[in-house]
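The structure appears below as structure tokens.
The values are calculated or read from the model by the stated rules, or taken from the named source; none is laboratory data. Keep in mind that this is a model prediction, so the values were computed, not measured. Cβ: placed from backbone, ideal geometry, glycine included. Neighbour counts: every protein chain shown.
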Amino acid sequence: MNALPPTAHLIPAQFALLSVGDLLFGLWTVVIYVVLLFVPLGLAVFAAYFFVSLPLRRQERARFFLDLLETALNRGGALEAQLISMSDSRDRAPGVRFHLLAAHLQDGFRLGAALEKVPRLLPPPVAAMLKAGEKLGDLRAVLPACRQLSRDAVSQTRGGAHYLLLLVFIVTPVILFILGSVITLVIPKFREVFAGMTETTWPLFDALVVASKWIFLAEAGVLVFMFLAVFFYIGGPRATAWVQFGIAPVVAWLSWHVPWKRKRMQRDFATMLALLLDHGVPEPEAVTLAAECTANDHFVARSRMVTRRLAEGVKLAEAVSALDNAGEFHWRLTNAPHAQGGFLPALQGWCDALDAKAFQQEQAAAHLATSALVLFNGVIVGFIAIACFGALVELVKEGVLW
């Protein structure tokens, strides 16, 4: 019987060590794969969620403050003292800006002045409405209008979530990369090959050579425009204020000429004007305060035309034609004195209609922009593919003839 070699008992141990090494190598490969793929993917998903939900978080912050304000009003007593008492609880839920507001109130500021010290606590139109309510002496009356304005964030978020961020940050940059590669790498090589093999080229390829730079510039322009839209979406009122610091008339004018923004301005103006008129505020002052609640310089400038016409003796229903081209505001203000309950019930139906139309137009614009950008990119990719593959076919034909 043959004896086993002296090292035979080491073979199973070597296999065991080899299998453990393979296992460790496999685990290390999985870790690297997870780190390099899933961590960036997770960060990208979180960033998309963070930026898309920014308007909703601003809305929630505003609604929370309005609930605290209503609670303080229901308790009675000095409003500022009630808000300071809420801040003394050191609850983190209201946020740092609320406690900063309470600190300003504790220094002796009234609510309106304290809101100016903490501009990021509330959207500018909501803060302007609260200041108007403070001047009116009835903050409770403006709370429904403030809550209605804060609901606009839902429409903004739904509009931004229609794949616009995906198109801006992924699809359009990829198209630009493809165009740049075609212009710098593909087109010169094809032209060299055609010059060495034939005197004629594929007509569609010639069209691509001529139009490639213009297509690249057009795509870059679209990308810049959409980056600006995303910048204002993410920055919100704060980003608008930064730009308005230098070119206020342009930003305000553009906002006025965006249909859904203009309708929301008219809604906010009409609601506040009705409240002020029902509380006996003189018409010129009511128009000025209501226009300031829109937080739009262009709208405020147009409202000065209304106050000038009022000073000339023109009736309010006629004077507001500068703020409503359709004429419905004029008609409702004309009939408001004859309605029961004052101006607010008479204008409420029109304000609700403006709100619904603004939502419809904003969503339609988001769908239209998404579809148009997808079609535009698809046409560009198709044109490049047909031109390049057609050129390849012509080269193959020339090669066969040779």
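Working carefully through the options Gly327, Gly280, Gly342, find the one that is within 19 Å of Lys135 (Cα to Cα), of a type outside the set (D, E, K, R) and surrounded by fewer than 22 Cβ atoms within 10 Å (Cβ to Cβ).
Gly280
Could you list all residues from the range 65-82 that are exposed (fewer than 15 other Cβ atoms within 10 Å of the Cβ) and hydrophobic (A, V, I, L, M, F, W, C)?
Ala78, Ala81
Do you know which of the residues in the range 199-231 that are of a type in the set (S, T, N, Q) and surrounded by 15 or more Cβ atoms within 10 Å (Cβ to Cβ) is modelled with the lowest pLDDT?
This residue is Thr201.
Can we say Ile234 is assigned by TED's automatic domain parsing to the domain that holds Leu392, assigned to a helix (DSSP H, G or I) and either at pLDDT 80 or above or within 30 Å of Gly390 (Cα to Cα) (or both)?
No; evaluated as a whole, the condition is false for this residue.
Hey, any hits in the range 311-323 for a residue that's over 33 Å from the mean Cα position of the chain (by Cα), assigned to a helix (DSSP H, G or I) and of a type in the set (Asp, Glu)?
Yes, the range 311-323 contains a residue that is over 33 Å from the mean Cα position of the chain (by Cα), assigned to a helix (DSSP H, G or I) and of a type in the set (Asp, Glu).
Which residues, counting only those in the range 324-347, are assigned to a helix (DSSP H, G or I) and closer than 26 Å to His257 by Cβ?
Listed by number, the residues that qualify are Glu328, Phe329, His330, Trp331, Arg332, Leu333, Leu347.
Here are some residues: Val374, Val379. Which one is under 30 Å from the mean Cα position of the chain (by Cα), over 23 Å from Arg151 (Cβ atoms) and either in contact (Cβ under 8 Å) with a residue 60 or more places away in the chain or not in a helix (DSSP H, G or I) (or both)?
Answer to the selection: Val374.
What pairs come out if I take residues in the range 317-330 that are outside the structural domain of Pro284 (by TED's automatic domain parsing) and pair them with residues that are crowded, with 21+ Cβ neighbours inside 10 Å whose C-beta lies under 8 Å away, six or more apart or interchain?
The qualifying pairs do not exist here.
Quick check on the range 251-276: of everything there that is of a type in the set (Val, Ile, Thr) and in contact with a helix residue (DSSP H, G or I) (Cβ under 8 Å, 6 or more places away or on another chain), which residue is modelled with the lowest pLDDT?
Val251
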